[in-house]
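Below: one structure, written as structure tokens.
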Amino acid sequence: AVVSTQSTGDRLSLQPRLVYVNAEHRLLYVSNPKCGSTSFKKFLLRLGGSTLNYTEMTGVHQERKHPELVSLWDQPVEFRRKALDEYYTVTFVRNPYVRLVSGYRNKIIRSLSGKYIRLVQKIIRKNYGKKASKLWKPWHSYRPSFEQFVSYLLEHEEVQENHHFAPYVDQIALCTTRYNLIAQLETSDRQIKELKRDIPSLASYDFPSSRTDLGRDLFSSEELTALAFANLTSRQVLALDNYYFKERLLLGYTGVDEPKFPFLFMANVSDSDN
């Protein structure tokens with residue numbers, strides 16, 4: 001865990017993008033897309049009184065559908081300040097390269113909708129021309145390769161700013177938020193146990209299983225990332241290193257070809273964590 005000792009002050013102008021609050025357990029969760037946010041929001045639903053099985057909880061990113069998900073930014077200013085100063089604050093982070101591949105699989109490969117349909121059309125147009133882009137339909141099986149996606153990402157600022165692909169250090173206000181626990185998704189079982197030790201009232205609540213644990217993914221995200229990056233050029237890899245330099249510098253995450261990938265440089269990990 002990494003704990004910030006910075007004084008709170010008036011941090012409302014330097015706020016994380018998405019923060020959820022559970023007043024009963026005095027808990028703040030800073031949501032970080034593609035870093036286990038679906039699972040943690042389901043956990044918040046359970047803390048908020050939902051009796052649904054975790055597998056029955058759908059649309060957890062639609063706050064209006066789930067009143068148990070309470071946004072901190074919808075609360076009165078004085079309550080916000082008090083919660084930011086006094087509540088236990090947790091977020092999850094993830095190796096940025098694994099997160100990028102996860103975002104590509106989720107938004108480009110698996111569940112195309114809305115702006116992501118338009119993004120695929122733009123990538124097709126860049127690689128195959130305007131006619132091919134117009135002929136392509138979302139129900140067609142074709143999807144851009146990871147290399148094509150990365151090439152487009154590196155050339156277009158509006159894609160770089162998408163919350164599912166963008167560097168997240170600033171999204172979660174890492175340097176200006178008083179975190180009690182910055183948990184790594186790579187060692188999430190260990191981190192959830194730490195969270196429950198810190199907040200004893202959470203001890204009796206189970207945490208959702210991962211996609212791999214549920215048998216939905218045959219390969220781990222780390223294995224898929226290594227395969228995806230094997231097809232990138234050295235120039236693309238260097239550009240992504242620069243793109244995610246804050247995550248590497250401030251959190252110490254390793255690159256795909258480094259020995260401790262996907263963990264931190266200083267991580268004390270065992271085979272059971274892989």
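Derivation of every value follows stated rules applied to the coordinates shown; laboratory data play no part. All values reported here derive from a predicted model rather than from experimental measurement. All Cβ positions, even for glycine, are placed from backbone atoms using ideal geometry, and neighbour counts span all protein chains on display.
So, in nm, how far is label V70 from label K126 when the simple model puts each one 7 Å beyond its Cα toward the Cβ?
Result: 4.3 nm between the two label points.
List the lysines whose Cα lies under 20 Å from the Cα of K260, skipping any in the same chain that are fewer than 8 positions away.
K246
Of N180, V90, S209, whose Cα points farthest to the positive end of the dipole of the chain (charges on the beta-carbon: +1 Lys, Arg; -1 Asp, Glu; origin at the Cα centre)?
Going by the Cα projections, it comes out as S209.
Report the residue, chosen from L249, L45, L72, that carries the largest GNM mean-square fluctuation when the chain is represented by alpha-carbon nodes joined by springs under 10 Å.
L249
When the expected Rg is taken as 2.2 N^0.38 Å, what fraction or multiple of it is the alpha-carbon Rg of segment 44-117?
Relative to the 2.2 N^0.38 Å estimate, segment 44-117 comes out at 1.44.
Looking only at H25, H140, H156, which one moves most when the chain is put into a Gaussian network model with springs between Cα atoms under 10 Å?
H140
Can you tell me how much longer the chain between L52 and K82 gets when fully stretched, taken as 0.36 nm per residue apart minus their C-alpha distance, in nm with one decimal? Intermediate values should be presented prior to the final figure.
Details: separation 30, 0.36 × 30 = 10.80 nm, distance 3.10 nm.
So the extension gain works out to 7.7 nm.
Among the aspartates and glutamates, select those whose C-alpha is under 18 Å from the C-alpha of K42, and discard any that sit fewer than 8 residues away in the same chain.
Answer for K42, where 18 Å is the Cα cut-off: E24, E56, E63, E68, D189, D206, D213, listed by chain and number.
Modelled label-to-label distance, S113 and E158, 7 Å Cα→beta-carbon offset: nm?
2.1 nm
Sorted by average packing, counted as other Cβ atoms within 10 angstrom per residue and highest first, what order do 86-94, 166-174 take?
Working: 86-94: 22.1, 166-174: 19.7.
Taking the mean over residues of other Cβ atoms within 10 Å, the ranking is 86-94, 166-174.
Please state the relative contact order of the chain as a whole percent: Cα pairs under 8 Å, 6+ residues apart?
27 percent.
Enter the angle in degrees (range 0 to 90, nearest 10) between the Cα long axis of helix 115-128 and the first principal axis of the Cα atoms of the chain, meaning the one along which they spread out most.
30 degrees
Within the chain, what percent of beta bridges assigned by DSSP are antiparallel, to the nearest 5?
Of those bridges, close to 45 percent are antiparallel.
With a ≥ b ≥ c the root eigenvalues of the C-alpha gyration tensor of segment 144-237, is it rounded (a/c under 1.5), prolate (a/b larger than b/c) or oblate?
oblate
Comparing R99, R235, R17, which has the greatest mean-square fluctuation in the GNM of the chain with Cα pairs linked when under 10 Å apart?
Of R99, R235, R17, the Gaussian network model singles out R235 as fluctuating most.
Using Cα positions and a limit of under 20 Å, work out the lysines in reach of K115, with same-chain residues fewer than 8 apart set aside.
K34, K107, K126, K130, K131, K134, K137
For Rg and Dmax of the Cα atoms in Å, pick the label among [x] 19.4, 60; [y] 24.7, 78; [z] 26.8, 90 that corresponds to the value derived from the coordinates.
Of the listed options [x] 19.4, 60; [y] 24.7, 78; [z] 26.8, 90, [x] comes from this structure.
Can you compute the modelled spin-label distance between W139 and L227, with each label point 7 Å from Cα toward Cβ, in nm?
If labels sit at W139 and L227, their model points lie 2.8 nm apart.
Just how large is the dipole of the chain about the Cα centre, in debye to the nearest 20, putting +1 at every Lys and Arg Cβ and -1 at every Asp and Glu Cβ?
1240 debye
Just the Cα atoms of segment 146-194: what Rg and Dmax do they give in Å?
Here Rg and the maximum Cα pair distance are 14.9, 41 Å.
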